[in-house]
Amino acid sequence: AQGSVTASPSQYDGEYDCPVTVGTPGVTLPLDFDTGSSDLWVFSSELPASERSGHAYYTSSSSSTSKLDSGETWDISYGDGSGAEGNIYIDKVTIGGITVTSQAVEAAESVSSEFVSDTSNDGLVGFAFDSINTASPNHVQTWFGNAEAQLASPVFTANLKKGKAGNYNFGYIDSSEYTGSITYATINSANGFWEFSASGYAVGSGAFSSQSIDVIADTGTTLIYLPAAIVKAYYAKVSGSSNSASAGGYIFPCSATLPSLTIGIGSYKAVVPGTFLNYAPNTGSTCFGGLQSNAGIGLSILGDVFLKSQFVVFNQGVPKIGFAPG
Ligand SMILES: CC[C@H](C)[C@H](NC(=O)[C@H](C)NC(=O)[C@@H](CCSC)NC[C@@H](N)Cc1ccccc1)C(=O)O
């Protein structure tokens with residue numbers, strides 16, 4: 001089998017949400033596909049009404065195929081301080097025409113305020129490695145982990161776009177979605193992420209600096225977070241830029257012309273256009289950068305600002321990750 005699903009950007013490409021059908025009869029929810037985590041969780045009827053407002057949600061008792069995964073709970077925390085927790089049902093989950101009949105559906109009993117106010121999604125689908133799934137006392141598998149047996153090849157691809165719909169494909173690589181050739185990097189999944197070493201960076205037309213940068217590819221993170229020294233070198237080329245404590249990162253005059261950012265993957269030079277690095281208006285006539293420091297995170301993150309400039313192959317079989325111009 002193979003499948004494809006549309007990925008729709010929220011405002012400012014903050015996240016990319018995809019329709020996922022859960023249960024019988026199916027309820028279709030927009031979920032945030034997240035290669036930086038490994039829990040599939042949904043807003044549910046078990047939430048207090050105040051936390052459900054503005055959201056669609058899963059009601060296990062309305063699904064004839066739902067079965068309580070008794071004794072199992074989940075509780076996840078994210079890098080931005082948000083989180084959710086609840087209990088677990090086994091039910092049917094269909095994405096892009098591919099159905100997993102016995103998927104662990106993590107039903108939220110409580111979600112943090114960030115999720116209540118983010119009405120673009122009604123939950124997340126984790127596409128990282130099973131080792132960081134939070135279900136307890138037993139881990140549960142990701143949807144992709146369960147779907148792999150049906151797929152011709154253990155791959156999914158991300159074809160995210162700036163300001164318009166893109167798509168995720170499962171089980172195949174569509175050569176019409178990229179140009180040139182795909183360059184692969186070996187994945188170190190020890191931390192449960194799609195983690196690899198980038199080979200260096202360049203700012204605009206400047207010289208490429210060869211250095212190993214430990215990064216994760218995270219479709220669930222909006223911006224690019226790199227070591228402070230690299231970020232400083234980038235904004236040194238943006239007149240009027242400053243690292244603003246009040247804004248929470250680097251800002252600059254919205255009229256600034258931003259240089260591109262090149263990230264090395266092996267010998268491949270992945271270029272993020274300068275326009276992608278003006279993320280969104282801040283206050284007044286200042287704008288917030290799509291590249292920020294990884295200080296306090298512990299590793300670097302290639303989030304959507306980077307990923308939407310590329311075609312990305314996530315191969316869980318090896319594991320390896322591939323990039324080509326999108
Ligand atoms: C370090 C961050 C926390 C605390 C750490 N959790 C993680 O790493 C989790 C799995 N992943 C995440 O917090 C991040 C990756 C952090 S790299 C350190 N990715 C997923 C995140 N963007 C999902 C999200 C989407 C929309 C809104 C909010 C959040 C932990 O549990 O230890």
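No lab work stands behind these numbers, since they all come straight from the coordinates. Because the structure is a prediction, the values reported are computed rather than measured. Methodologically, a virtual Cβ is constructed for each residue, glycine included, from the backbone with ideal geometry; neighbour enumeration extends over all protein chains shown.
Within segment 242-275, how many residues are in contact with a Pro (Cβ under 8 Å, 6 or more places away or on another chain) and either in a loop (DSSP other than H, G, I, E, B) or free of Cβ contacts under 8 Å to residues at least 24 places away in the same chain (or both)?
Residues flagged as in contact with a Pro (Cβ under 8 Å, 6 or more places away or on another chain) and either in a loop (DSSP other than H, G, I, E, B) or free of Cβ contacts under 8 Å to residues at least 24 places away in the same chain (or both) within segment 242-275 amount to 2.
Any chance segment 228-240 includes a residue that's surrounded by fewer than 15 Cβ atoms within 10 Å (Cβ to Cβ), polar (S, T, N, Q) and over 15 Å from Leu277 (Cβ atoms)?
no
If you check Val312 against the conditions, is it within 30 Å of Gly192 (Cβ to Cβ), surrounded by 15 or more Cβ atoms within 10 Å (Cβ to Cβ) and over 19 Å from the mean Cα position of the chain (by Cα)?
So Val312 does not fit the description; no.
Within segment 83-96, can you find the residues that are of a type in the set (A, V, I, L, M, F, W, C) and crowded, with 21+ Cβ neighbours inside 10 Å?
Residues satisfying the conditions are Ala84, Ile88, Val93, Ile95.
I'd like to check something: does segment 30-45 contain any residue that is surrounded by fewer than 21 Cβ atoms within 10 Å (Cβ to Cβ), within 14 Å of the ligand (Cβ to nearest atom) and part of a strand (DSSP E or B)?
There is at least one residue in segment 30-45 that is surrounded by fewer than 21 Cβ atoms within 10 Å (Cβ to Cβ), within 14 Å of the ligand (Cβ to nearest atom) and part of a strand (DSSP E or B).
Quick check: anything in segment 43-50 under 25 Å from Thr219 (Cα atoms) and either in contact (Cβ under 8 Å) with a residue 40 or more places away in the chain or over 23 Å from the mean Cα position of the chain (by Cα) (or both)?
Yes; the residues of segment 43-50 include at least one that is under 25 Å from Thr219 (Cα atoms) and either in contact (Cβ under 8 Å) with a residue 40 or more places away in the chain or over 23 Å from the mean Cα position of the chain (by Cα) (or both).
Residue by residue through segment 281-308, note down the ones that are away from the ligand (no atom under 16 Å from the Cβ), touching a residue at least 12 places away in the same chain (Cβ under 8 Å) and either basic (Lys, Arg) or surrounded by fewer than 24 Cβ atoms within 10 Å (Cβ to Cβ) (or both).
Answer for segment 281-308, where residues must be away from the ligand (no atom under 16 Å from the Cβ), touching a residue at least 12 places away in the same chain (Cβ under 8 Å) and either basic (Lys, Arg) or surrounded by fewer than 24 Cβ atoms within 10 Å (Cβ to Cβ) (or both): Pro281, Asn282, Thr283, Ser285, Thr286, Cys287, Phe288.
Identify the residue in segment 83-118 that is assigned to a loop (DSSP other than H, G, I, E, B) and of a type outside the set (D, E, K, R) and, among all such residues, is nearest to Gly14 (Cα to Cα).
Among residues in segment 83-118 that are assigned to a loop (DSSP other than H, G, I, E, B) and of a type outside the set (D, E, K, R), the one nearest to Gly14 (Cα to Cα) is Ser112.
Among the residues of segment 207-221, write down those that are part of a loop (DSSP other than H, G, I, E, B) and more than 8 Å from the ligand (Cβ to nearest atom).
Hits for segment 207-221 are Ala207, Phe208, Thr219.
Filter segment 119-139 for residues that are over 15 Å from the mean Cα position of the chain (by Cα), surrounded by fewer than 24 Cβ atoms within 10 Å (Cβ to Cβ) and not in a helix (DSSP H, G or I) and give the result.
Listed by number, the residues that qualify are Thr119, Thr134, Ala135, Ser136, Pro137, Asn138, His139.
Can you confirm whether Ser153 is of a type in the set (Ser, Thr, Tyr), in a helix (DSSP H, G or I) and away from the ligand (no atom under 16 Å from the Cβ)?
Against the criterion (of a type in the set (Ser, Thr, Tyr), in a helix (DSSP H, G or I) and away from the ligand (no atom under 16 Å from the Cβ)), Ser153 does not qualify.
Identify, please: which residue in segment 66-82 is within 16 Å of the ligand (Cβ to nearest atom) and outside any loop (DSSP other than H, G, I, E, B) and is, among those, surrounded by the fewest Cβ atoms within 10 Å (Cβ to Cβ)?
Ser77
Are any of the residues in segment 232-239 away from the ligand (no atom under 16 Å from the Cβ), part of a strand (DSSP E or B) and closer than 26 Å to Glu15 by Cα?
no
Inspect all residues belonging to segment 57-77 and state whether any of them is of a type in the set (A, V, I, L, M) and closer than 14 Å to Asp122 by Cβ.
Looking through segment 57-77, none of the residues is of a type in the set (A, V, I, L, M) and closer than 14 Å to Asp122 by Cβ.
Could you tell me which residue of segment 97-108 is farthest from the ligand (Cβ to nearest atom), considering only residues that are in contact (Cβ under 8 Å) with a residue 40 or more places away in the chain and surrounded by fewer than 17 Cβ atoms within 10 Å (Cβ to Cβ)?
Gly97
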